[in-house]
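The block underneath contains the structure these notes are about, expressed in C-alpha cells.
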Protein chains: 4
Amino acid sequence: MSDKQVTIHELKERMATFVRERDWQQFHSPKNLSMSIAIEAAELMEHFQWLTAEQSQQLKREALQEIGEELADIVLYSLSMANFLQIDLAETIDAKMAKNERKYPIDKVRGKAHKYTSYLQQEEDA
Amino acid sequence: MSDKQVTIHELKERMATFVRERDWQQFHSPKNLSMSIAIEAAELMEHFQWLTAEQSQQLKREALQEIGEELADIVLYSLSMANFLQIDLAETIDAKMAKNERKYPIDKVRGKAHKYTSYLQQEEDA
Amino acid sequence: MSDKQVTIHELKERMATFVRERDWQQFHSPKNLSMSIAIEAAELMEHFQWLTAEQSQQLKREALQEIGEELADIVLYSLSMANFLQIDLAETIDAKMAKNERKYPIDKVRGKAHKYTSYLQQEEDA
Amino acid sequence: MSDKQVTIHELKERMATFVRERDWQQFHSPKNLSMSIAIEAAELMEHFQWLTAEQSQQLKREALQEIGEELADIVLYSLSMANFLQIDLAETIDAKMAKNERKYPIDKVRGKAHKYTSYLQQEEDA
C-alpha cells in the first residue's frame, strides 16, 4: 500500500470494517470522535512541545516513526467521522481548497504568515 | 472528485502546491503544523460541546457542512505534515491498523469501550 | 493549604520559583506554554472520552485523583503564562465574569445550552 | 480584586453562582467541561500559532488583552470542574508541585528541556 495507490474510499472502508467488527459504532458518536481527534492531535503536539521550530525539522528516525503513528490516528478518526456522517472527504477537501485559494490569493499573501503577525509589538510602534 | 477516485498522493500534491505557491513552507514547520491540527480539532469539537452523544448524531445540513470543512482542515494539515516529513500515510495507516487489530482482538473487545470504563464507580462497588 | 486560604498570587509565586530554580524560563515562552496547556487539557479529556455524560459523574476515587492532577497541571501552566506575561488573573477573571454575566442574562439563558442547540435537526423540521 | 487578595475559593464561588443562576449544571458534566477547557486552550494557542517563540514574547497590548481573556476562560472552566467534582485545587496543586519537585531535581534538570530533546538527530549521530 502506498499513497499513490490508495484511495480515500479504501481507507474509509478499512476503518469502517474495524469499527463494525468490534461493534464500536455505539462509542463512535461524532461527539466522541471529535474528542478522539483532539486527543491524538495533542499527542502529536507533545513531540514538538519543547523543541524550537528548527529542531522540529531534525527528527530522529524513531521519533518520525512515532509521529507517523499519531498522524495515522488523527486521519483514522477523521475517516471514521466521515463514515458516520456520510461525508465525502475528497469532495469536501476539494471545495475547501478552492475556498482557501480564493481567500489567500498568491500575490497578496506570498511569504506572509497572515493574520496573527499584526499582533507584534514592533508593528504597533512603527 | 470523490473518495472512490482520489488517492492520498493526489491530495498531498494539491496541498503541497498550495503551500509552495504561497511560500508558506517557512511557517509549516512540524511544530506549527501540530498546533494547526490541534486548533482545527478543537473547532470541530466546538460543534459538539453542549450536545448529548445522541444529539450529535442528528445534525442539520448546515452544521454538517461546517463540520465537513473542519474535518477537511484537519486532514489537510495532516497531509501537509506528511509532506514535510516525507511520510507515506497509506503505508503508515496500514501498519497502524494492523497493530490495532492485534491490540484489540475482536472476541475480547466486541462491544466494550476499552480502558476507561474501568473508571466507573459501580464497578468499584461491585 | 486549601482553596479557602490560598491566593492566586501565592500559587503564581510557587510556580515561578519552580521554573526559575530550574532555569526553565527559556522553554516557557507563551507559545510553548499554550501548547502545554492544550496537551494537559487533552490528557484530562482522555479520562472522559468513552464515557457518557452520566458516567463522567460517577468516577472512582483513583480516577478522581488522576483527574485532579491533570486539572492542577492545566492551572499551573496557566499561572506560568500569567507570570510570564504579567497578567493579573483575578482581575482578568473578574472582568471576564462581568462580561459573561452581561452576555448571558439569567432570564434569557436559564436552562438553555446556548448557541449550538440551534444545530439540531428536529428544530429544523419543526 | 487582585491576585494578592483573591483566594481560589472565592473564584470557585463566583463561578458556581454564575452556573447555578443559569441552571447550567446540567451541561457542566465533567465530560463537557473537559471539552470546554480543551477548546479554550486551542483558542489561546491560536494567538501563537504562526509566531516564533521570540515573537510570542513581544505582544501588543490588545493581543495581551485577548490572551488574558482566553486564560481566564481556561481557569474558569477548570474551577467549574473542581466545583463539580469537589476537588480542592490548592491542595491538589500543592501535592502536584511537590511531586514535580521530586521528579525534576534542580541539579539534574537545570537548563534542560527534559524528555523530548532526546529526539534530535544531532544526538543520534553524535
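Based on this model, can you work out whether D:Asn32 counts as within 14 Å of chain B (Cβ to nearest Cβ), of a type in the set (S, T, N, Q), buried (at least 16 other Cβ atoms within 10 Å of the Cβ) and not in a strand (DSSP E or B)? So D:Asn32 passes the test. For region C:13-29, a residue qualifies if it is part of a helix (DSSP H, G or I) and surrounded by fewer than 21 Cβ atoms within 10 Å (Cβ to Cβ), and the qualifying residues are C:Glu13, C:Arg14, C:Ala16, C:Thr17, C:Phe18, C:Val19, C:Arg20, C:Glu21. Selection of region B:1-39 for residues being β-branched (Val, Ile, Thr) and under 19 Å from the mean Cα position of the chain (by Cα) yields B:Val6, B:Thr7, B:Ile8, B:Ile37, B:Ile39. The requirement of being crowded, with 18+ Cβ neighbours inside 10 Å and either modelled with pLDDT of 95 or more or assigned to a helix (DSSP H, G or I) (or both) is satisfied by D:Ala41.
Tell me whether region B:71-86 contains one or more residues that are buried (at least 19 other Cβ atoms within 10 Å of the Cβ), assigned to a helix (DSSP H, G or I), among the aliphatic types (A, V, I, L, M) and touching a Pro at 6+ places or on another chain (Cβ under 8 Å).
Start the filter on region B:71-86 by keeping residues that are buried (at least 19 other Cβ atoms within 10 Å of the Cβ), which leaves B:71-83.
Add one more test, that the residue is assigned to a helix (DSSP H, G or I), and what stays is B:71-83.
Still in the list and also among the aliphatic types (A, V, I, L, M): B:71-72, B:74-76, B:79, B:81-82.
Those left that are additionally touching a Pro at 6+ places or on another chain (Cβ under 8 Å): B:81.
Yes, because at least one residue in region B:71-86 is buried (at least 19 other Cβ atoms within 10 Å of the Cβ), assigned to a helix (DSSP H, G or I), among the aliphatic types (A, V, I, L, M) and touching a Pro at 6+ places or on another chain (Cβ under 8 Å).
Among the residues of region C:4-12, is any outside any helix (DSSP H, G or I), surrounded by fewer than 21 Cβ atoms within 10 Å (Cβ to Cβ) and within 11 Å of chain A (Cβ to nearest Cβ)? No, there is no match, as no residue in region C:4-12 is outside any helix (DSSP H, G or I), surrounded by fewer than 21 Cβ atoms within 10 Å (Cβ to Cβ) and within 11 Å of chain A (Cβ to nearest Cβ). Evaluation of D:Gln25 against the conditions (1) in contact with a Leu (Cβ under 9 Å, 6 or more places away or on another chain); (2) closer than 20 Å to B:Leu51 by Cα shows that the sole unmet condition is (1). Looking only at residues in region A:68-86 that are among the hydrophobic types (A, V, I, L, M, F, W, C) and at the interface with chain B (Cβ under 7 Å from one of its Cβ atoms), the one that is nearest to B:Gln25 (Cα to Cα) is A:Leu71. Out of curiosity, is A:Ala82 more than 19 Å from B:Met81 (Cα to Cα), under 15 Å from the mean Cα position of the chain (by Cα) and touching a residue at least 24 places away in the same chain (Cβ under 8 Å)? The answer is yes for A:Ala82.
Yes or no, residue by residue, for (1) among the β-branched types (Val, Ile, Thr); (2) more than 17 Å from A:Ile37 (Cα to Cα):
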| residue | (1), (2) |
| --- | --- |
| B:Ala41 | no, no |
| B:Phe84 | no, yes |
| B:Ile87 | yes, yes |
| B:Lys96 | no, no |
| B:Arg102 | no, yes |
| B:Pro105 | no, yes |
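Cβ-Cβ distances below 9 Å connect the following pairs, each with a first residue in region A:42-61 that is away from chain C (no Cβ under 12 Å), a second residue that is in a loop (DSSP other than H, G, I, E, B) and hydroxyl-bearing (Ser, Thr, Tyr), and a separation of six or more residues or different chains: A:Glu54/B:Ser29; A:Gln57/B:Ser29.
Could you tell me whether any residue of region D:40-47 is closer than 21 Å to C:Tyr104 by Cα and under 12 Å from the mean Cα position of the chain (by Cα)? Yes.
State whether the residues of region D:87-102 include one that is within 11 Å of chain B (Cβ to nearest Cβ) and under 26 Å from A:Thr52 (Cβ atoms). Looking for residues that are within 11 Å of chain B (Cβ to nearest Cβ) and under 26 Å from A:Thr52 (Cβ atoms), one finds none in region D:87-102, hence no.
Among the residues of region D:96-112, those that are among the hydrophobic types (A, V, I, L, M, F, W, C) and within 21 Å of C:Ile67 (Cβ to Cβ) comprise D:Met97, D:Ala98.
Would you pick out the residues in region D:6-21 that are of a type outside the set (A, V, I, L, M) and either under 20 Å from C:Ser56 (Cβ atoms) or at pLDDT below 95 (or both)? Break it down stepwise before answering.
Here is the first cut: in region D:6-21, the ones of a type outside the set (A, V, I, L, M) are D:7, D:9-10, D:12-14, D:17-18, D:20-21.
D:Lys12, D:Arg20 - these are the residues of region D:6-21 that are of a type outside the set (A, V, I, L, M) and either under 20 Å from C:Ser56 (Cβ atoms) or at pLDDT below 95 (or both).
Selection over region C:60-88 of residues that are touching an Asp or Glu at 6+ places or on another chain (Cβ under 6 Å) and either closer than 16 Å to D:Leu64 by Cα or among the small types (Gly, Ala, Ser) (or both) gives a count of 1.
Name the residue that is surrounded by the fewest Cβ atoms within 10 Å (Cβ to Cβ), counting only residues in region C:48-70 that are out of contact with any strand residue (DSSP E or B) (no Cβ under 8 Å at 6 or more places or on another chain) and closer than 19 Å to B:Thr52 by Cα.
Pass one, region C:48-70, residues out of contact with any strand residue (DSSP E or B) (no Cβ under 8 Å at 6 or more places or on another chain): C:48-50, C:52-54, C:56-57, C:61-66, C:68-70.
Next, only the ones that are closer than 19 Å to B:Thr52 by Cα stay: C:48-50, C:52-54, C:56-57.
On the way: C:Phe48: 25, C:Gln49: 21, C:Trp50: 23, C:Thr52: 18, C:Ala53: 17, C:Glu54: 11, C:Ser56: 25, C:Gln57: 14.
That would be C:Glu54.
If you take the residues in region C:13-29 that are without any contact (Cβ under 8 Å) to a residue 60 or more places away in the chain and more than 7 Å from every other protein chain (Cβ to nearest Cβ), which one is nearest to C:Asp88 (Cα to Cα)? If we take residues in region C:13-29 being without any contact (Cβ under 8 Å) to a residue 60 or more places away in the chain and more than 7 Å from every other protein chain (Cβ to nearest Cβ), then C:Glu13 is nearest to C:Asp88 (Cα to Cα).
The values are calculated or read from the model by the stated rules, or taken from the named source; none is laboratory data. This one's a predicted model, so the numbers in the text were calculated from it and none came from an experiment. For neighbour counting, all protein chains shown are included, and Cβ atoms are generated from backbone atoms with ideal geometry for every residue, glycine included.
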